[in-house]
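These notes are about the structure you will find just below.
The values are calculated or read from the model by the stated rules, or taken from the named source; none is laboratory data. The structure displayed is predicted, hence computed values, not measured ones. Backbone-built Cβ (ideal geometry, glycine too); neighbour counts: all protein chains shown. Quick note on the areas: whole protein, heavy atoms, side chains included, nothing else; ligands and nucleic acids left out. Shrake-Rupley method; radii C 1.70, N 1.55, O 1.52, S 1.80 Å.
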Amino acid sequence: MEMKTAKKRGLSFYLSIYKKILAQDLKSKMSYRADFFISTFGMVLTNISGFITFIILFHNFPSVNGWDYHHMLFLYGFSLIALTPVQCFFDNNWNLRFMVRSGDFIKYCFRPINVFFYFISEVFDVKGLGQFVFGLGTFIYAWAHIGIPVTVVTVAEAAIFLITASLFMIALMNFAAATCFWIINSGYVMVIMFRFKDFAKYPSSIFNSVFRFIFTFLIPIAFVAYYPSLVFVTPDHVPLLSWLSPFIGSLFFFLSYKFWMLGVRKYDFTGS
Amino acid sequence: MSNEVIVMKNISKQFKVLNRHEGLKGSIQDLFSRDYKIIKAVDDVSLTVNKGEIIGYLGPNGAGKSTTIKIMTGVLEPSAGEIFVDGRMPYKDRTANSENIGVVFGQRSQLWWNLPLIESFNLLRNIYLVPEKDYRNMLELYRSLVDLEPILHKPVRQMSLGQRTLSDILAAFLHNPGIVFLDEPTIGLDVSMKARIRELIRGLNEVKGTTVILTTHDMGDVDALCKRIIIIDKGRKIYDNDIEHLKSYFGSYRTLRMRLGDDSWVEQVIDEKKTDVMHVMQEMQKEHKIKDIQLQEISTEEVIRKIYEGGESA
Amino acid sequence: MTGLKKKTALTRAGIIESLQFRLSTAVMLFANLIYLALVYFLWKAIYDSSGVDVVNGMTFYDTMIYLILATAIFNLLEMFIVWDMSRAIQSGEIIMHLLKPMRYRLYTFWSYSGAHVNNFFLSFVPTFIVVVVITKGAIPIGINLLYFMVSLLLALIVNFNIEMLVAPVCLYTQSTWGINIVKETVVLLLSGASIPLAFFPEGLRQAVEYLPFRAVYDIPLTVLLAKNGTDSLSGLLPKLGIQLFWCVLLSVCGNLFWNHAVKKITVNGG
């Protein structure tokens with residue numbers, strides 16, 4: 001029997017495929033112009049609304065738990081940037097439960113590439129870039145006002161901590177989306193997780209110890225902005241967890257991926 | 001060296017389903033109940049498929065066809081039994097297995113909805129790492145079999161159902177897989193499109209020697225394409241042999257229609273093993289004037305229907 | 001009578017369907033508790049840091065009660081009509097809905113009513129009881145509860161009409177996410193669901209007075225807490241009047257818009 005061995009598909013293969021799918025996706029998005037503009041407008045509006053909420057709070061209360069306006073702003077900008085990748089690259093998770101339920105999901109299982117990659121690669125959400133720009137502006141403004149030095153080290157640190165911080169929200173949404181393999185109509189899990197992200201922009205020190213534990217180790221929203229921000233905001237007292245956050249983030253993302261794939265393996269595909 | 005591309009030995013697949021209760025009270029009960037029932041979607045099925053065959057895989061709705069296909073493609077893990085596709089266990093080695101298979105599943109397009117077909121082909125070529133030359137040759141072959149130009153630059157979402165099915169089949173063969181699974185490829189299509197799809201499948205099977213597993217409810221597909229058919233019902237295999245053999249296996253039935261003196265038609269199904277047609281006609285002529293006769297072979301469709309209805313009793 | 005029967009059948013089906021999602025009920029309850037804890041700690045920190053007990057006429061307790069009940073109402077009223085409709089349009093299913101022997105607006109309203117009934121008893125009532133017990137008398141128990149039910153019903157209708165006014169936009173734009181997020185953002189901010197309207201700067205607060213959104217959260221909550229003299233009919237009736245006004249206006253606009261939009265239906269795919 002002629003037995004072909006599986007072709008090797010490494011990182012460079014996946015990168016080039018992603019680039020190609022992305023380019024095609026952008027091309028086809030342009031054909032839905034009205035949606036593109038309304039979505040971008042919606043994204044800008046969401047950010048403005050979030051900002052207004054923020055301003056209204058601090059209009060009444062000048063500091064929270066020892067965090068003054070600019071520190072809060074730094075945290076706010078940090079969280080917006082860290083929440084961009086989940087919006088831009090992992091948006092297809094929102095469609096997962098519909099595809100699983102209708103049976104359409106099965107098409108992702110017939111290709112000789114990673115199912116998670118194939119599924120996630122299919123949607124790139126351009127409007128997330130608006131949030132990125134908004135967040136970056138806030139972040140730089142607060143950075144300058146707090147007076148954090150601009151050196152190769154701090155900038156590199158910022159890049160690393162922002163990227164790894166983004167993994168936490170991605171992982172949370174992976175977990176939430178993958179619940180649909182076990183639970184019918186699990187959309188609310190995603191909605192709830194997505195709502196939790198609102199609290200990424202507040203300092204976790206406001207919680208009591210029980211909830212700080214929950215938001216550090218169970219639903220690690222505190223890692224999206226609070227812990228990594230401490231590296232910049234209070235450089236003299238950085239807790240160990242802040243330094244560890246890149247590793248924890250990578251691990252957490254990996255676990256969420258494993259969970260997602262377990263769902264694919266365990267699912268009955270009785271939809272059709 | 002064996003010719004067998006698929007070997008299934010005593011494969012079973014069970015699902016656990018919650019027993020739901022009726023009505024408002026029942027659904028409150030369900031909130032807490034652990035009352036499951038086991039459904040055997042596939043029950044101890046063994047079969048082998050040889051290289052280059054086109055097999056008609058038949059059975060009534062819910063018989064377990066799709067589940068079998070999902071096991072063969074590595075999407076589902078069987079509950080019991082052994083399966084080898086091209087020497088591999090599909091569920092253990094899904095990625096390697098999918099290099100060598102192509103799938104068209106129901107009416108669900110696997111192509112990128114918003115992309116023109118040619119861009120989908122391009123992406124697939126990259127995903128399956130098809131060498132440039134093979135890809136060009138395949139497109140040439142496609143051109144010789146179907147009219148490719150009208151669909152090549154059209155986004156899939158704008159295609160008619162027929163064009164979409166055609167595109168999906170072409171996409172499934174693009175990386176020249178050893179086995180292609182086609183699940184109801186002609187469902188919902190008009191007569192001429194059905195004919196074109198069948199033509200295409202036969203053409204690709206002949207040129208490329210591709211093994212084809214075809215599930216369908218349309219006996220036209222079976223008659224046009226398959227030499228061998230496998231029938232399953234309630235998860236069990238009830239027939240696995242040549243299509244010719246099916247008719248004789250079931251009995252050599254023919255229908256004799258006669259127009260009598262008063263221009264009315266009468267019909268008589270005749271089992272040729274027991275009595276022959278001429279004898280029936282002679283008997284009839286003793287009492288009636290026969291103006292005209294027609295002799296009809298029993299169709300595959302009728303045979304299949306009798307099997308579905310009567311189980312193994314045939 | 002048969003009309004009503006048809007509608008209550010839909011309510012029943014809705015109740016059964018949403019009960020079947022057994023795990024969802026438990027998880028939802030748990031997640032809402034965590035979310036409420038988040039709100040609690042955030043505002044506690046804010047009040048602690050401010051050093052005063054009363055901000056903008058609201059104590060910490062007032063703010064908490066307001067926000068928790070606003071969240072409860074949010075869960076109670078949540079509808080996914082914009083999503084449902086745009087999905088139905090994209091899949092072509094909308095045609096099937098239009099062929100049903102009941103007007104689409106009514107059909108949608110009644111098919112959500114089961115979920116509303118469930119949410120009311122499984123989510124809102126328990127939350128309310130917990131809040132009443134914990135705050136020990138901060139919420140007056142009396143005729144205001146009855147008034148609140150009326151106000152809540154009107155809020156539900158206003159909210160439904162806002163959804164139905166926004167949803168047909170996707171018939172024109174084929175935009176799902178965009179329309180939905182715009183609606184959600186605007187409603188949540190301007191209705192006072194995420195921050196009590198009392199905290200808004202003066203100018204913004206006056207502007208919001210003239211918008212329909214406060215009829216969804218702010219008015220029912222004011223009535224429930226018996227603030228601003230709403231425990232007497234003379235204080236109550238103007239508030240209900242505002243809600244009623246928006247019910248009528250929005251449903252007239254929604255109807256006109258929907259009728260226009262239906263003519264425009266362009267169905268994707270075959």
Considering only residues of segment A:17-30 that are within 7 Å of another protein chain (Cβ to nearest Cβ) and without any contact (Cβ under 8 Å) to a residue 60 or more places away in the chain, which is most open to solvent (accessible area, probe 1.4 Å)? A:Lys20
Checking A:Val238 against (1) without any contact (Cβ under 8 Å) to a residue 12 or more places away in the chain; (2) outside any loop (DSSP other than H, G, I, E, B): exactly one of these is not met. Which one? (2)
Any residue at all in segment A:137-151 that is within 14 Å of chain C (Cβ to nearest Cβ) and in a helix (DSSP H, G or I)? no
Output the number of residues of segment B:47-66 satisfying the condition of being outside any loop (DSSP other than H, G, I, E, B), within 14 Å of chain A (Cβ to nearest Cβ) and more than 12 Å from the chain's Cα centre (by Cα). 3
Just to verify a result, which residue in segment C:85-98, among those that are within 26 Å of the chain's Cα centre (by Cα) and open to solvent by less than 70 Å² (accessible area, probe 1.4 Å), is nearest to C:Cys170 (Cα to Cα)? C:Ser86
Enumeration of residues in segment C:170-179 that are buried (at least 21 other Cβ atoms within 10 Å of the Cβ), within 8 Å of chain A (Cβ to nearest Cβ) and in a helix (DSSP H, G or I): C:Gly178, C:Ile179
Reported set for segment A:242-272 where residues are among the hydrophobic types (A, V, I, L, M, F, W, C) and open to solvent by 40 Å² or more (accessible area, probe 1.4 Å) is A:Trp243, A:Leu244, A:Phe247, A:Ile248, A:Leu251, A:Phe253, A:Phe254, A:Leu255, A:Phe259, A:Met261, A:Leu262
Which residues, taken from segment B:101-119, are touching a residue at least 40 places away in the same chain (Cβ under 8 Å), within 7 Å of chain A (Cβ to nearest Cβ) and either open to solvent by 40 Å² or more (accessible area, probe 1.4 Å) or within 19 Å of B:Thr215 (Cβ to Cβ) (or both)? B:Val103, B:Phe105, B:Gly106, B:Gln110, B:Asn114
Which strands (runs of 3 or more DSSP E) does segment B:184-267 wholly contain that include 1 or more residues that are crowded, with 18+ Cβ neighbours inside 10 Å and of a type in the set (Asp, Glu)? B:228-233
Could you tell me whether any residue of segment A:212-225 is within 26 Å of A:Val100 (Cα to Cα), open to solvent by less than 20 Å² (accessible area, probe 1.4 Å), in a helix (DSSP H, G or I) and of a type outside the set (Lys, Arg)? no
Within the bounds of segment C:242-257, is there any residue that is farther than 29 Å from A:Phe51 by Cβ, over 16 Å from the mean Cα position of the chain (by Cα), touching a residue at least 60 places away in the same chain (Cβ under 8 Å) and open to solvent by less than 40 Å² (accessible area, probe 1.4 Å)? yes
Per the filter on segment A:107-136, residues touching a residue at least 40 places away in the same chain (Cβ under 8 Å), among the β-branched types (Val, Ile, Thr) and part of a helix (DSSP H, G or I) are A:Val115
Looking only at segment B:67-89, which residues are part of a loop (DSSP other than H, G, I, E, B) and either acidic (Asp, Glu) or away from chain A (no Cβ under 11 Å) (or both)? B:Glu77, B:Pro78, B:Ser79, B:Asp86, B:Met89
